[in-house]
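Down below is the structure, laid out as structure tokens.
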Amino acid sequence: MIGKCTRILLSGVLLFWTLYLVNAQDMTDEGLKKWVSQFSSLHLLTTNDDASYATVTKSYMGNVDTVLVFSHKRKNPIDTLVGYTISRSFVTNNHLFAVGVNQARLVNVSTGQKLDYNSVRNAGVIKGKGQYYIVDRKKMLTVYDLEGDVLYRADGVDKVVGDEHKMVLVKGSSDGISLIVVWDGQKGDIIYSTGLSIDKIELLPSGRYLSIRETEVKSDTRSMKILDCLTRKVIAPLEIQNIPERVVKVTEVENGKSFLITAEIQIPVSDTPMVKLWYGTDKELRFTKNGKTKYRFWFLTDGFEKVEELPTDRFEVFTPLNNSRYLWAFSNREEFDYVHANPRYNMFLYDTELKTYTLIYPQVAEIFGSADGRYAVSLDGKEKIWKLFDLQDQKMIDIEGTDLRNPVFSLDGRKLFFSGETDLYCFDLKTGVLKSLDISKDSEVVVIDKKVIMGFTHLETKFNTFTVDTAKPVRLQLYNSVKSVTSVLEWKRNKAMVLVPETDRRIRKIIFGGNGKNKWGFSIEENFNLPDGLYYIAGSGKKKKLLYQTNPQDTAASKLKVEVVHYRNSLGVLLKGILTYPVNYDSGRKYPMVVRVYQRQSSASSHYISADVGQDGFSKRLLIEKGYFVFQPDIVFDHRGTGVSSLDCVNKALGALEAHSSIDFSKVGLMGHSMGGYETNFIATQSKRFAAYISGSSVANTVQAYFSYNRLFEVPDYARYEYGQFDMNVPYSENRELYDQNNPVNYVQNVNAPVLLWAGSKDTNVVPEQTEAFYVGLLRNRKSVIALHYRDQSHSLGFMTPETFDLNRRVMEWWDFFLKGKKDVEWIRKEMISY
């Protein structure tokens, strides 16, 4: 125990540090690049159907060029594919097909036999038929069986789409006719021909219908057709032929019961005139920079004999959500005085039969739909409750529950599941009863196996369908935030079977196969002291085998030490902080500490501490290698305001460490970027705990920022303060005192330690004038300050840029100067000798 607060020890005693340290010592651009380039990570886990083989991609410094192939029977890869990272698919349990730039490869993973193809323009698989295809640079398409024997050829192939059972291609002919051919695994049949240019085809989700977009070159118009691949009937309403819009697409509703056709045209931003007029009634500020998209919609119903162009005078946008009678409609014009940083809309339900509109969800941007189209659910931001609307009975139901999240409908349309702060909850759509499933009393439970169908996602909205098939076992991931442990269960008929027992590791991805009680699978896991690894799991998680470990050169990783510190703020909110120990930690010594602030950071306690050169100047691995503690406390905002509540959280977090004998509390620094920079600025005006500060891209004058116009998001910046990230929850005009109490520049005269400020001169998110305001306040009050202005960068300094390297060097020199007494840094001494 340290102090009065509980702390969880996450590793054992540190041994001697053996990793080659340039790494941390060579702070030149090339030295830092060399250091980071030693470290890799795993991504994009895929498996075959029975999860006996797996593939992952391996990346270095953000570059992904390697695919590793694994068998559950062997440690280390059975194959390595370099450059095959565009796509990879298991055609069968034993055959992997991988595609890269200009190349493709079929691998028999059980025998190791390979078939290579070059000059590849396009490639894919027809999984249900056990076939794959290649389109070469000469537009020759060839379909192969698993032995590499040719099954079908077609020349002049321009476009290919397909599903598990068929392939559809566009083929040109010598007489200028475009042909659409369907290959069903045995033969290729021409199902459509046209004298127009086909610029896009799309196989719709049911697999039965194909949308075809054609272009009349002379008139520069587009025509849309819908082809029934089963009956070969062409649906081509006159209303959607020869239209001027360049973007035209088809949305299938209820497996082809109806279709919504959308045409889009981008209205460009006009050239800047001599004088620009800004109106107080302007409802389209969000489109100032990038222009506005104008939509037209047609709804095709009643056996495709009826097409209706939807009126867009009142509502500019229509979108379906699995229902052939009702469409969602909203206006993309601002209706709420820009008080939301991200737009909110009044969502209406349009009855295509009665031609009526009904307001269902005020001020929302996200709606979840059931698979059968009967139900929709959305979170009411004001009341903080979920509202379920029954489209069939035209009835709204409030779902009363605390902290419900992550809604998922059962595929059969009978249940609606929610994660809670603890446990999984089920709302019965027939009885209207919400109940806990008693899966866990202390862990959040999330459905892993949900199927996501993306709907309309433009204008920062989400109309999606999240479903889970409860006729099959449902896989659940549990996270206990107090103990910082994760587990995975399989749940069916109110019975749970453990797949992965509780672990303090972060499970980044997991895929299971098998039947009944015999389950096995693969996972990518990591911990703060454990680099990414690929594991094979069986026997209810009791049998876990490491197949591959990244970063074998990082022999020191296992010796790293982290503690999770628990504390409460003054309002009793339980929070956590991550305390990371310096490398070669000696309990008999005292060490300086860097505190990094933002908002909640504790979820990263199980993230591997890899080499990193942070775009914001924060690099944890560098700091601990150079002998610093690093502390990352959680911060939450409340009615006291952003700054005051941040100060309180940080004070309580540091109080939880006060009995730690190895921390030199006279040598503690505070740093933050963006919101963390604002928090740093405010705390610097109120605290005497810190020996130095670093603040980047930060707000210094909240009142001035509140009354500013944000050029990045093209909205007034008061949106960020009232109901956005600052979470003030009140306009300035209604509580000026609250804003003034949380404004750093109001107290800049109280700063009592040196401050390093930095900003990108091209930052349009938090403009550099905010950094300048704090600099000027410190200057006027004769406080020690240095400001760095990066001419060619913006809010962050970019991945591996010269500016990022420069900032990281200066950050380390700043901390060494003020927390370690290394005074031989000329650019800092130049400021300090005056004081």
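Every number in this text was worked out from the coordinates using simple rules, so none of it is lab data. Keep in mind the model is a prediction, meaning the values are calculated, not measured. Note that each Cβ is placed from the backbone with ideal geometry, even for glycine, and that neighbours are counted across all protein chains shown.
Setting aside same-chain residues fewer than 8 positions from residue 276, which aspartates and glutamates have a Cα under 12 Å from its Cα?
Within reach: none.
What's the extension gain from residue 217 to residue 799 if we count 0.36 nm per residue and subtract their Cα-Cα distance? Before the final figure, lay out each step's value.
Details: separation 582, 0.36 × 582 = 209.52 nm, distance 4.28 nm.
Full extension of this stretch gives 205.2 nm more.
Give me the net charge of residue 111's neighbourhood, meaning all other residues with Cβ under 15 Å from the Cβ of residue 111; Lys, Arg count +1, Asp, Glu -1.
It works out to a net charge of +2.
Over 30 Å between C-alpha atoms is what I'm after, so list which of 783/820; 430/483; 688/830 land there.
430/483
Which number comes out as Rg/Rh for the chain once both Rg and the Kirkwood Rh are worked out on C-alpha atoms? Walk me through the intermediate numbers first.
Numbers: Rg = 29.8 Å, Rh = 30.5 Å.
Using only Cα positions, Rg/Rh for the chain is 0.98.
Given axes a ≥ b ≥ c from the Cα gyration tensor, I'd like to know whether region 311-398 is rounded (a/c under 1.5), prolate (a/b larger than b/c) or oblate.
Cα axes put region 311-398 in the oblate bin.
In deg cm²/dmol and to the nearest 500, what is the mean residue ellipticity at 222 nm of the chain if only DSSP H runs of at least 4 residues count, each as -39500 (n - 2.57), divided by the residue total?
The helix contribution divided over the chain gives -3500 deg cm²/dmol.
If you line up the Cα atoms of region 644-751 on their principal axes, what length do they span on each, largest first, in Å?
Computed over the Cα atoms, the extents are 49, 26, 25 Å.
Please give, to one decimal in nm, the separation of the simple spin-label points placed at residue 395 and residue 189, each 7 Å out from Cα toward the Cβ.
4.7
Starting from the 7 Å offset along Cα-to-Cβ, what nm value, one decimal, do you get for the label separation of residue 495 and residue 639?
Placing both labels 7 Å along Cα→Cβ, they lie 5.0 nm apart.
FRET efficiency for residue 761 and residue 590, Cβ-Cβ distance as r, R0 = 35 Å, nearest 0.05?
0.30
Taking the Cα centre of the chain as the origin and placing charges on Cβ (Lys, Arg +1; Asp, Glu -1), which of 453, 86, 666 is farthest toward the positive end of the dipole?
Value computed over the given set: 666.
For residue 276 and residue 246, compute 0.36 nm times the residue count separating them, minus their Cα-Cα distance, and round to one decimal in nm.
Numbers: separation 30, 0.36 × 30 = 10.80 nm, distance 2.97 nm.
That works out to 7.8 nm of additional length.
Does region 536-594 come out rounded, prolate or oblate, given a ≥ b ≥ c as the square roots of the eigenvalues of its C-alpha gyration tensor, rounded meaning a/c under 1.5 and, failing that, prolate meaning a/b above b/c?
Verdict is oblate for region 536-594.
Express in nm, to one decimal, how much length is gained between residue 118 and residue 314 on full extension, taking 0.36 nm for each residue of separation and deducting their alpha carbon distance. Before the final figure, lay out each step's value.
Working: separation 196, 0.36 × 196 = 70.56 nm, distance 5.39 nm.
Here the answer is 65.2 nm.
For the pair residue 86 and residue 33, what calculated FRET efficiency results from E = 1/(1 + (r/R0)^6), where r is the Cβ-Cβ distance and R0 = 22 Å, to the nearest 0.05?
My answer for the efficiency is 0.25.
If you keep only loop residues by DSSP, which chymotrypsin sites (Phe, Trp or Tyr not before Pro) in region 414-443 have at most 10 other Cβ atoms within 10 Å of their Cβ?
Nothing satisfies the criteria.
In whole Hz and in residue order, list the ³J(HN,Hα) couplings for region 60-74 that follow from phi through the Karplus curve 6.51 cos²θ - 1.76 cosθ + 1.60, θ = phi - 60°; x for Gly and Pro.
Using θ = phi - 60°, the values come out as 10, 6, x, 9, 10, 9, 10, 10, 9, 10, 10, 10, 5, 8, 10 Hz.
What's the local net charge at residue 697, with K and R +1, D and E -1, over the other residues with C-beta under 10 Å away? Let's see the in-between values first.
Details: positive: none; negative: 616, 763.
Neighbour charge sum, excluding residue 697 itself: -2.
So how far apart, in nm, are the two label points at residue 454 and residue 140 if each is 7 Å from Cα heading toward Cβ?
The answer from the label model is 3.6 nm.
I need the trypsin sites (Lys or Arg not before Pro) found in region 461-515, filtered to DSSP loop residues with at most 16 other beta carbons within 10 Å of theirs.
In loop regions of region 461-515 (DSSP not H, G, I, E or B), the sparsely surrounded trypsin sites (Lys or Arg not before Pro) are 483, 493.
Could you please rank 321, 738, placing first whichever residue has the fewest other Cβ atoms within 10 Å of its Cβ?
So the residues, fewest neighbours to most, are 738, 321.
Using a 10 Å cut-off around each Cβ, can you sort 254, 400, 563 from fewest to most neighbouring Cβ atoms?
Least crowded to most crowded, the residues run 400, 254, 563.
Give, as a single signed number, the net charge of other residues whose beta carbon lies under 10 Å from the beta carbon of residue 404, with Lys and Arg counted +1 and Asp and Glu -1.
Once all neighbours under 10 Å are counted, the net charge is -1.
Just flag the trypsin sites (Lys or Arg not before Pro) in region 375-447 sitting in loop per DSSP whose Cβ has no more than 16 other Cβ atoms within 10 Å.
Taking region 375-447 and a limit of 16 other Cβ atoms within 10 Å, the loop trypsin sites (Lys or Arg not before Pro) found are 382, 384, 414, 430, 441.
First check a/c for region 719-835, with a ≥ b ≥ c the square roots of the eigenvalues of its C-alpha gyration tensor; if it is under 1.5, answer rounded, and if not, answer prolate when a/b is larger than b/c or oblate otherwise. Please report the intermediate quantities before stating the final value.
Details: a/c = 2.54, a/b = 1.45, b/c = 1.75.
It comes out oblate by the Cα gyration axes.
Taking amide H atoms as placed 1.01 Å from N in the peptide plane, list the residues 5 or more away in sequence, or in a different chain, whose amide H sits under 5 Å from that of residue 743.
Result for residue 743 returns nothing.
Provide the FRET efficiency to the nearest 0.05 for the residue 302-residue 357 pair, computing r from the beta carbons and using R0 = 22 Å.
For R0 = 22 Å, the calculated efficiency reads 0.55.
What is the fewest-to-most order of 127, 171 by other Cβ atoms lying within 10 Å of their Cβ?
Placing the least packed residue first, the sequence is 127, 171.
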